[in-house]
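Read-outs throughout are calculated quantities, based only on the coordinates presented, and are distinct from any laboratory measurement. Note that the structure is predicted; figures quoted are calculated from it, not measured. Using ideal geometry, Cβ is built from the backbone for each residue, glycine included, and neighbour counts are taken over all protein chains shown.
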Amino acid sequence: MNFDVTKTEAEWLEELGPERYAILRQAGTEAPFTGSLLHVSAAGFYSCGACGQVLFNAGQKFDAHCGWPSFDNCEPGTIVERADHSLGRARTEILCSRCGGHLGHVFNDGPTATGLRYCVNSLSIDFDEA
């Protein structure tokens, strides 16, 4: 995949630091129920922690009780999906469409009209309160 924002892995590591780099550039996952954005309920926007692209708004967030911030939709054109078989089962990885940063996964078990649950690592996003 080609992305508008590209850097060397050394540049990403220096910019993001080791924890965020492990999530955003190496498809890591933070431990459930540990993310700083899990219980944020204020109005605002969630953006990619690597490039700043707005991905979700607070109105798209819901409590899925899964241990990670969850959203039922994304801002149009901001997410790229890719098949992920890394745990021996089929999942759909979600990436920032601007820089390719790993955000988490999307599942078809959401409780709202979209039927989607974007399950996102807190370390992969930033929150800007409106």
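The table that follows gives values for the structure above.
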quantity	calculated
Debye-sum result for the chain in log10 I(q)/I(0), which assumes one identical scatterer on each alpha carbon, at q = 0.09, 0.10, 0.15, 0.16 Å⁻¹	-0.23, -0.28, -0.65, -0.75
Positive dipole terminus of region 9-129, leading residue within G104, Q60, T114 (C-beta point charges)	T114
Cα-centre dipole for region 9-129 with unit charges at Cβ (Lys and Arg positive, Asp and Glu negative), debye to 20	360
Ranking of W12, W68 by count of other Cβ atoms within 10 Å, fewest first	W12, W68
Stretch gain in nm, segment R91-H39, where the contour uses 0.36 nm per residue and the Cα spacing is subtracted	16.3 nm
Folded to 0 to 90 degrees: helix 9-24 orientation relative to the chain principal axis, Cα	30
For the chain, built as a Gaussian network whose Cα springs stay under 10 Å, the top-fluctuating residue of C96, C51, C119	C51
Selection of trypsin sites (Lys or Arg not before Pro), region 17-126, meeting DSSP coil and at most 11 other Cβ within 10 Å	R89
For G49, residues with placed amide H under 5 Å, excluding near neighbours	I125, D126
